[in-house]
Structure formats: C-alpha cells, structure tokens
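Read the structure below first, then the notes.
Derivation of every value follows stated rules applied to the coordinates shown; laboratory data play no part. Predicted model only: the values in this text are computed from it and were never measured. Every residue, glycine as well, gets a Cβ built from its backbone with ideal geometry; the counts of neighbours run over all protein chains shown.
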Protein chains: 4
Amino acid sequence: MSITLEQAEQAIAAAKEKASNIDAKMNIAIVDAGANLVAFARMDGAWLGSLDISIKKAKTARFFDMNTGIVGSLSQPGGSLYNIEHSNGGLITFPGGIPIKNKSGEIIGAIGVSGSTVENDHEVAEAGAKTF
Amino acid sequence: MSITLEQAEQAIAAAKEKASNIDAKMNIAIVDAGANLVAFARMDGAWLGSLDISIKKAKTARFFDMNTGIVGSLSQPGGSLYNIEHSNGGLITFPGGIPIKNKSGEIIGAIGVSGSTVENDHEVAEAGAKTF
Amino acid sequence: MSITLEQAEQAIAAAKEKASNIDAKMNIAIVDAGANLVAFARMDGAWLGSLDISIKKAKTARFFDMNTGIVGSLSQPGGSLYNIEHSNGGLITFPGGIPIKNKSGEIIGAIGVSGSTVENDHEVAEAGAKTF
Amino acid sequence: MSITLEQAEQAIAAAKEKASNIDAKMNIAIVDAGANLVAFARMDGAWLGSLDISIKKAKTARFFDMNTGIVGSLSQPGGSLYNIEHSNGGLITFPGGIPIKNKSGEIIGAIGVSGSTVENDHEVAEAGAKTF
C-alpha cells in the first residue's frame, strides 16, 4: 500500500492552509512507501535551502518510520545514533518529517516540511499527515 | 520575475489532464527562474526512474532557456556540445523539457515531463507550458 | 506488492546455478518494487566492477519496468533517449537487468546480473527472474 | 585471504536466525577483505533507511579493522577522530559493524547490521561474525 497522488495533493493542500494560518512560507514534500517523491510544493517566498531539507525530512521519516525529531534525539553527540545523518545520501533529523498512515494504521508514505522554526515545521507537517 | 506556486500548480493540472487524455502516466516537474523545484507530481503507476528525469528536464530547459531536445541535437557525438550531460549534476537532453514564459514573453521557469515516449512527454510538457 | 526476501533468495539461487552451469562468475542483485536492494550475492572471483553494475541493472529494470537492453537500444547516439544514463545517479542500459513478475503478472521487483558477456548476463538474469 | 560467498551466506543465515529470535527485522551486509559487498539481505519489513547503514557499518568495520562502536567513541566532539564520518563517502560509527576473522584470527571481511537498537544490531552482527 502506497500513498496515491490524489492523497498526496490533499496532504499538501492541508499543510499549505496551516502554513498560511501561522503566516509561514513552507517547502512541503510527500514521499511514497518506497521513499520516492510523489508531490512537492514550494510556497512563494519560502527559503530556497529548505527545498532539499523538506525532501530529506520526508525520506528520513519513511526510512525509519518515525518522526524525524526522534531520530535527531538519538543522533546527538554521545547518542546511540551519533552522525547517522551521513547515511542515505544525507538525512535531516530535526522535526518536520512525519510518517503518513492510512485508516488501518499502515504507513503509506511520509511528509516533510521546512521553512520556519522546527516547531512550525512540525505543526504544518502534522496538519498534512493528519489528512487521512 | 519567477513563476508562482499557483501558476506552477495550474501548469501541473493542465499537464495531468493532457496526460490522462493520451492515456500516459507522467512525472511532472516545474522549476522557477532560478532552476529550483517549485512543484512536482508523480501520477499513480508512473515509472519510478522518470522522477529524476522529469526534474532534470525542467532544470535543463531553464539552464539554457530552450527546449531540452534542442540541447540534445547538439550533444551528439561530433556535435558542438558533445556530452554536455556531464555538467550540472546530470542533464537530460531529449524532449520533454520546455521553458515557461509569461504573457510578456519573459522566461519565468520551466516544465519537465517524463513517463512515456519522448513525443508524448513533449506534448504533455507543452500543454503545461502553454497554460499562461 | 513487493518481492519478499525468501523469493529474492530463491531467484539468486536459481541465477547462481545457471551461472555455474555456463561457467560464469556473477554479481547478482535483487531490488524490490521501490527499486531498493533486497538481496545480493557476488560469486567468488567475480569482477569487482560488476558489483555496482549488477545493482544499477536491477534498479534500471525496475525504474522503467523493462529489460535494461531495451533502454540501451533507445539511448544510443541519435536515439530518442540518448544519454538517459546520466539520470538517477547512473543507469546501466545494456542487457542483464530484468523485471520480476509474480504469477498475476504484476511487477514486484527486478534482478540485475553482471560478470560475463551481456548475453550470459541476460541468460543468468532470466534464470533468476523465471523462478516464479 | 578473503571471505567466500558461501561463508558470507552462512554468516547472513546465522544473523537472520538471531534476528528472528529477538524479533527484529534487520538489514545484513557482508563485505570482503577489500571492503566490497559480497552478500546482502533485507528482512521483510525492515527499515528502508537501514539498508545503506548496514552496508556502511560493514565497510567501516573493515576500513579500520575494529567494531564500528569503537570508531564512534573516538569521533565525538573533542575526540581524536572527530567527524571521521565525512570520509570514504560516509561512515557509520555506532555499533552494529564487526570484522569477521577466520580460524587463524586473520580478518577476512566484516558484517554490518541495522534495523533495531544499536544493542540489538551489535548482537545480531556478533551472531553472524561468530559463525566461523
């Protein structure tokens, strides 16, 4: 089971609406169950550097089936996964990436958001992930 | 002047409609005037390998402000731009990438389409590029 | 639907047997429906340079859901997909990569074989792909 | 002296059995004395992101002929090998990679395991490395 393009576009629409509500300009990426990009949107004026970060957050969330911030809490100096970011062509392990589940609870993809504080990034990603 | 997200989404919608009309499953990428991704959509069942190709076509079209197929006609063995594909992290120089212009004729971005024959790819890209 | 590890190991076993029969030393890679590696085996004495080639052949076959040699027939100078090899971090488009289908005909992964002539590579890949 | 494919497959089988016993889904990679992949297996449902990590752990263990966790203890901020992970196309320096020795104590390859806690990863790698 993998996310469809229609579902991915719904998730992006929900994330964009939340971003507008909190006055943030976001890059929003959706990957499928195979961690491959399905849909992407960069809001006007959003940071260019956040383009790659949003895609890497979505991939990281699907690579390990958990919120990116959890990976980041383990990859700190002295942590059990220190410098895991060097794998897979580069991971992003701070908040803003969240797995997307279908109604049965099966993971069908992930969303990655970047463009503001990590709190805002996470909030917008959650709005997208919660669509289903 | 650069393409807005709203314009990019309109171009993707037009390209998706054309793709459906000719019964093709496409990857569709839109880059802005800076050759950075603005919006992307992978239609359900589209080739995985066309994801990267669609993005590279859009970038190539904006990198040189011409249809990708024109670059490809110059990059053949013996041609003046032989193996230009080695630059910029990899170009794609066969048809399916087209610059997008605004009403004044100014280039504001580009569209790249991949997922079928190069003729179909080009036709769908044209449907997206002509939106404005 | 994606290939299981057990199926992938059966395909590798069948390919190894065929390789031994024709006195060839092969690298054999199996990817899943998402084009991610599931299983790999390098026979003793097989060319080191064929390691990466076998993996890229398997990925290429799944990226475009066709035998790698078909892609290669289109990517020649003057062909419609000239230099497509520059996409996806490097494709291999000569024979030896074949999609793997289940009994319903659905593509569930791919096999890539490298280590001998392309005819031998293809023959060994076919032995692996035909397991199901 | 380098590990044979038969030995590598035995090590993977032992690692898979240990993984099943502790109810973990692992990616398991074996490299030879030249740090090149010999055999690989991704158990059904194992994290996608652990594919690359398991291979990098095996390489790292052979690159320096020590358990990956030892490298990681030296690569922390202020440590003598701070950020060594940037070398060799990316190292993974937390536990789960172990050199493989033959009966004479000579290093003939390495195993890398990823898919669970680093303690589990190390335990499964040890089961594979101890086969001989």
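Shown for residue D:103: label points 7 Å from Cα along the beta-carbon vector, and their distances to the equivalent points in the other copies, 4.5, 6.2, 8.5 nm in ascending order.
Sorted on the mean count of surrounding Cβ atoms within 10 Å across their residues, most packed first, peptides C:34-41, D:110-117, C:77-84 read D:110-117, C:34-41, C:77-84. Rank B:121, B:44, B:65 by mean-square fluctuation in a GNM of chain B with C-alpha springs under 10 angstrom and give only the top-ranked residue. With Cα springs under 10 Å in chain B, the top fluctuation among B:121, B:44, B:65 is at B:44. Restricted to Cα atoms, the range A:61-117 shows a radius of gyration and a Dmax of 12.0, 38 angstrom.
Computed over the Cα atoms of the protein assembly as shown, the ratio of the radius of gyration to the Kirkwood radius (Rg/Rh) comes to 0.98. Per-residue 3J(HN,Hα) values for the range D:29-43, derived from phi via the Karplus relation 6.51 cos²θ - 1.76 cosθ + 1.60 with θ = phi - 60°, read 10, 10, 10, 8, 4, x, 6, 9, 4, 10, 8, 8, 8, 10, 5 Hz in sequence order (x marks Gly and Pro). What separates the residue A:49 label point from its copies, with the point 7 Å along Cα to Cβ, is 2.1, 3.6, 4.1 nm, written shortest first. Convex hull volume of the C-alpha atoms in chain A, normalised per residue: 91 Å³.
Taking each of B:25/D:25; A:56/A:130; D:16/D:59 in turn, the alpha-carbon distance tops 24 angstrom for B:25/D:25. With the helix formula -39500 (n - 2.57) applied to DSSP H stretches of n ≥ 4, the protein assembly as shown reaches a computed 222 nm mean residue ellipticity of -12000 deg cm²/dmol. Using the Karplus relation 6.51 cos²θ - 1.76 cosθ + 1.60 with θ = phi - 60°, the per-residue 3J(HN,Hα) values for the range D:111-122 come to 10, x, 10, 8, x, 8, 5, 5, 5, 5, 4, 5 Hz, with x marking Gly and Pro. 5 Å is the cut-off here: which amide hydrogens, built 1.01 Å from N in the peptide plane, fall below it relative to residue A:108, excluding neighbours closer than 5 in sequence? Counting only residues 5 or more places away or on other chains, the set is A:100, A:101, A:102. Measuring from each Cβ of chain D to the axis carrying D onto C, the nearest residue and its distance in whole Å come out as D:40, 2. Excluding same-chain neighbours fewer than eight residues apart, the aspartates and glutamates reachable from residue B:101 by a Cα-Cα span under 17 Å are B:6, B:9, B:32, B:65, B:123, B:126.
With its label point defined 7 Å out from Cα along the Cα-to-Cβ axis, residue B:82 lies at 1.2, 4.9, 5.2 nm from the matching points of the other copies, in increasing order.
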